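Notes follow once the structure below has been shown.
The values are calculated or read from the model by the stated rules, or taken from the named source; none is laboratory data. Small disclaimer: the values here were computed from a predicted structure and weren't measured. Cβ: placed from backbone, ideal geometry, glycine included. Neighbour counts: every protein chain shown. Ligands, DNA and RNA are stripped out before the accessible areas are found, and what is left, the full protein with its side chains, is counted by its heavy atoms. Shrake-Rupley method; radii C 1.70, N 1.55, O 1.52, S 1.80 Å.
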Amino acid sequence: GATLVGTTTISNNTVTFTDNFTSGTLEHIRTQGTVASGSTLNINNNTILNSTVGGASSSTTMVCIVNSSAAGTLNINNNIIRGLTSTATSGGFTGISNTGAVVTTLNINNNEIGNASGGAITFSVATSGTVTGISSSGGASTCSTTIQGNDIRGIVHAVAGSSTHNYITSTGSPLNNTIANNTFTNLNVNTT
């Protein structure tokens, strides 16, 4: 396949899904593939809005923004994720995920996973699916990672569940790792 060189931008999009999956992963924005180490990938100013996973006894997981490319620079900034609902009994939720071995700079800043206009996600049935706000397991040993100014708000279990919750995780071995000034608001964590 071809190798991406230069700058790729996915910005100013609004994405809404309604699906009755019974299993699998429902991804809203995904970037993957081979990119040059000097390339830049921007995923900024997108809105994931009012998506629904339905279906009885569903194990579908919602993932809003995910990258697995090893770009030189990755920016996932100023995105809004809100108004999602799920009836999945074992499906979970991930707001933003990076698994790519980003070479130089990784920024996940000023994202609203839920905001004053609507919470991130409501689980309307008991679920055991893992809930993740922001996760970065990528980042090469030469990468500076910054996760700042994000707000995670309105994660609601309307019925008691058994989900594991991880709001911000950064693993791997980046050169520098700054996680600062993030807020957690109105979390109704009705889970064991």
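So is ILE76 touching a Ser or Thr at 6+ places or on another chain (Cβ under 8 Å) and in a strand (DSSP E or B) or not? Considered against the rule, which asks whether it is touching a Ser or Thr at 6+ places or on another chain (Cβ under 8 Å) and in a strand (DSSP E or B), ILE76 comes out as no. Quick one: would you say THR164 is in contact with a strand residue (DSSP E or B) (Cβ under 9 Å, 6 or more places away or on another chain), within 21 Å of LEU26 (Cβ to Cβ) and exposed (fewer than 14 other Cβ atoms within 10 Å of the Cβ)? Judged against the criteria, THR164 is a match. Here ALA126 does not qualify as under 25 Å from ALA70 (Cβ atoms), over 18 Å from the mean Cα position of the chain (by Cα), open to solvent by less than 60 Å² (accessible area, probe 1.4 Å) and of a type in the set (Gly, Ala, Ser). Residues of the range 84-107 that are open to solvent by 10 Å² or more (accessible area, probe 1.4 Å) and closer than 18 Å to VAL53 by Cα: THR85, THR87, THR89, SER90, THR94.
The test for being of a type in the set (Val, Ile, Thr), over 22 Å from VAL15 (Cα atoms) and either open to solvent by less than 30 Å² (accessible area, probe 1.4 Å) or touching a Phe, Trp or Tyr at 6+ places or on another chain (Cβ under 9 Å) (or both) holds for VAL159.
Restricting attention to the range 108-115, does a residue exist that is touching a Phe, Trp or Tyr at 6+ places or on another chain (Cβ under 9 Å), open to solvent by less than 40 Å² (accessible area, probe 1.4 Å), in a loop (DSSP other than H, G, I, E, B) and closer than 28 Å to SER58 by Cα? Within the range 108-115 (the criterion being touching a Phe, Trp or Tyr at 6+ places or on another chain (Cβ under 9 Å), open to solvent by less than 40 Å² (accessible area, probe 1.4 Å), in a loop (DSSP other than H, G, I, E, B) and closer than 28 Å to SER58 by Cα), the answer is no, since none of the residues qualifies. Within the range 140-153, the only residue that satisfies the criterion of being touching a strand residue (DSSP E or B) at 6+ places or on another chain (Cβ under 8 Å), assigned to a loop (DSSP other than H, G, I, E, B) and open to solvent by 10 Å² or more (accessible area, probe 1.4 Å) is GLY149.
Against the numbered list (1) open to solvent by less than 70 Å² (accessible area, probe 1.4 Å); (2) of a type outside the set (Ser, Thr, Tyr); (3) closer than 23 Å to ASN109 by Cα, ASN78 comes up short only at (1).
Output yes when any residue across the range 120-136 is in a loop (DSSP other than H, G, I, E, B), closer than 24 Å to SER11 by Cβ and not hydrophobic (A, V, I, L, M, F, W, C), and no when none is. Taking every residue of the range 120-136 in turn, none turns out to be in a loop (DSSP other than H, G, I, E, B), closer than 24 Å to SER11 by Cβ and not hydrophobic (A, V, I, L, M, F, W, C).
Please work out if THR171 is surrounded by fewer than 18 Cβ atoms within 10 Å (Cβ to Cβ), under 23 Å from ALA70 (Cβ atoms), of a type in the set (Val, Ile, Thr) and at pLDDT below 95. In short, yes. Would it be correct to say that GLY6 is open to solvent by 10 Å² or more (accessible area, probe 1.4 Å), modelled with pLDDT under 90 and either touching a Cys at 6+ places or on another chain (Cβ under 8 Å) or farther than 21 Å from SER135 by Cβ (or both)? Yes. If you go through the range 10-55 and keep only what is at pLDDT below 90, outside any loop (DSSP other than H, G, I, E, B) and among the aliphatic types (A, V, I, L, M), you end up with LEU26, VAL35, VAL53. Every condition in (1) at pLDDT 95 or above; (2) open to solvent by 60 Å² or more (accessible area, probe 1.4 Å) is met by GLY119 except one, and the failing one is (2).
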